[in-house]
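Reviewing the structure listed below.
The values are calculated or read from the model by the stated rules, or taken from the named source; none is laboratory data. Everything quoted here is computed from the prediction, not taken from an experiment. Quick reminder, even Gly has a Cβ in these numbers, built from the backbone with ideal geometry, and neighbours come from all protein chains shown. For the accessible areas, the whole protein counts, side chains as well, though only heavy atoms, and no ligand, DNA or RNA atoms are used. Shrake-Rupley method; radii C 1.70, N 1.55, O 1.52, S 1.80 Å.
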Amino acid sequence: MKALRSKTPQLWLNPAFGEAGDLSVSADGIADAYARLTRCAGLLSDLFAELAGLDGPVDSPLLEVTHLQRAQGSDPARDGQWFVKGDHALPVAGSIKARGGFHEVLALAEKLALEQGILQPDEDRRALARPAARALFSRYTVTVGSTGNLGLSIGVMAAALGFRAVVHMSTDAKAWKKTRLRDRGVEVVEHAGDYAAAVEGGRAQALADPYGYFVDDEHSERLFYGYAAAAQMLARQLSAAGRQVDARHPLFVYLPCGVGGAPGGITFGLKVLYGPHVHCFFAEPAASPCMLVQLASGMEKAVSVYDVGLDNQTQADGLAVGLASPLVSPVMLQQLSGIYTATDEDLHCWLHRMARTESIALEPSAAAGIGGPRWLAHSEAGRAYLEAQGLVSDMPNASHIIWTTGGSLVPEREHAKFQALGAELERCRLREAGGMVR
Ligand SMILES: *Cc1c(COP(=O)(O)O)cnc(C)c1O
């Protein structure tokens, strides 16, 4: 609690990890989402030039990052191999929100078109781009509240299919995001003052409208299962790269966490595939560790970062969430190995090092996973985890996945600011620590 309140970075291990119990989510939901994203590939390739020729679910590359690993003081022969799962490069949405957001909008479009007889169950989903379908969708409004990337994913996909799309944002959300949405025909409603209350207003409005549909970041199963489908995609890429995952070849995955939907869905999906052989850790801003406070305080009631005296102020806008998803947190209580926190300085140092060593440009939120392998190998809690799990001698066989979650749509001048700050911090830190970097 002391480290939490003073925003001192820490690795917290989940004491309930591995406990069994009934879950509200199921593996069937993932298979369903994977199938939906697969059968809509042709449709997406028709709708977006960036996806021309797409013949499977929207996905991102798996990249070996040995230069970054060595720059962070890790040796593959001793610690296992580091990879990046590059969702920063997911097309159209530019972030990890692509799979979940696309899945939710596509599921809605299929449902409406099937109900109206515009689409037959076995028909090619390209039918959803025909005039009859667009005319149907144009009667409906898809609404979402988001300070950024979820709005980009939902808004752009909904507008492309012909829905009226409304994204509620705070006035201080990034200007380029608002412009990008408006350029694609999305209505942006800006709220000064209490943003959470404004989103509630948007929700109430959408729910009162028989032609309204509200995408609920905190409760949506369709988002969750769309995110979870990434697990299968990663599994294929790992086996194509010749990486085994089993009792002697552990898999470690480091996921930036906001409300918990995206990293929680992926964790759930990976647990279905790999059971105890995958070890998932979340990364949260030290000012917004909402999943950590929820899991650590027990699950009887909702606990926010404000309740423990934190302010939720961070440059990592994708992770600046005060309260964890009540859909996802009970699942993570059983499945998540632990959570570590990072300061804004950490995030900027890491994104700068990633750019310098691997030429990958990230937004601050997306860099949070980079610190994971070092927390595991070099902190007391990390070593305790490896010992408790009996993994110490298997580490040379390990695969570490740093999930990079956003950045490719960020304008060049924003990247330049992130990098300048990271370079400056890195210089200070090297000077202070005499060459030792966390
Ligand atoms: C939204 C987001 C996350 C986290 O996803 P949640 O579902 O909010 O936990 C991580 N990184 C980026 C860049 C994001 O936009």
**Study point:** Summed residue charge, Cβ within 12 Å of Leu207's Cβ, Lys/Arg positive, Asp/Glu negative
**Key:** -2
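Once you keep just the Cα pairs under 8 angstrom separated by 6 or more residues, what percentage relative contact order results for the stretch 162-287?
Values: 130 pairs, mean separation 26.2, N = 126.
Worked out over the stretch 162-287, it gives 21 percent.
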Check your understanding: Using a 1.4 Å probe on the protein chains only, how many percent of the accessible area of the stretch 100-244 belongs to carbon and sulfur?
Key -> 50 percent
Point to revise | Asp394 accessible area, assembled protein chains, probe 1.4 Å, Å² | key: 10 Å²
Point to revise | Estimated translational D of the stretch 199-266 in µm²/s (Stokes, Kirkwood radius over Cα pairs; 20 °C; 1.002 mPa s) | key: 147 µm²/s
Practice item. Please report how far the C-alpha centroid of the stretch 119-156 lies from that of the stretch 14-89, rounded to the nearest whole angstrom. Key: 23 Å
Study note, to complete from the structure: Once normalised by the length of the stretch 84-213, the mean sequence separation of its alpha carbon contacts under 8 Å that are 6 or more apart gives a contact order in percent of 22 percent
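Any idea what the relative contact order of the chain is, in percent, if you count C-alpha pairs under 8 Å spaced at least 6 apart?
Normalised by residue count, the contact order of the chain is 21 percent.
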Revision key, fill the gap. Log entry: pair-distance distribution for the stretch 1-148, C-alpha pairs binned every 10 Å from zero, whole % per bin is 9, 25, 28, 21, 12, 5
Check your understanding: For the chain, with every protein chain kept in place, what is the accessible area per residue (1.4 Å probe, Å²)?
Key -> 39 Å²
Review point. Expressed as cubic angstrom per residue, what is the convex hull volume of the alpha carbon set of the stretch 248-339?
Key: 83 Å³
Review point. For the chain, max minus min Cα coordinate along each principal axis, in Å, sorted largest first?
Key: 64, 46, 44
Practice item. Determine the dipole magnitude for the chain: charges of +1 sit on the beta-carbon of Lys and Arg, -1 on that of Asp and Glu, nothing else is charged, the reference point is the Cα centre, and the result goes in debye to the nearest 20. Key: 700 debye
Review point. For helix 412-433, what angle does its Cα long axis make with the longest principal axis of the chain, in degrees from 0 to 90 and rounded to 10?
Key: 10 degrees
Exercise for review: Using only the alpha carbons, work out the radius of gyration and Dmax of the stretch 69-180 in angstrom.
Suggested key: 19.0, 59
Practice item. For the stretch 134-204, report the convex hull volume of the alpha-carbon atoms normalised per residue, in Å³, without decimals. Key: 64 Å³
Revision key, fill the gap. Helix 261-274: inclination vs the chain longest Cα principal axis, degrees, rounded to 10, gives 70 degrees
Point to revise | Solvent-accessible surface (1.4 angstrom probe) belonging to His219, in square angstrom, nearest 10 | key: 90 Å²
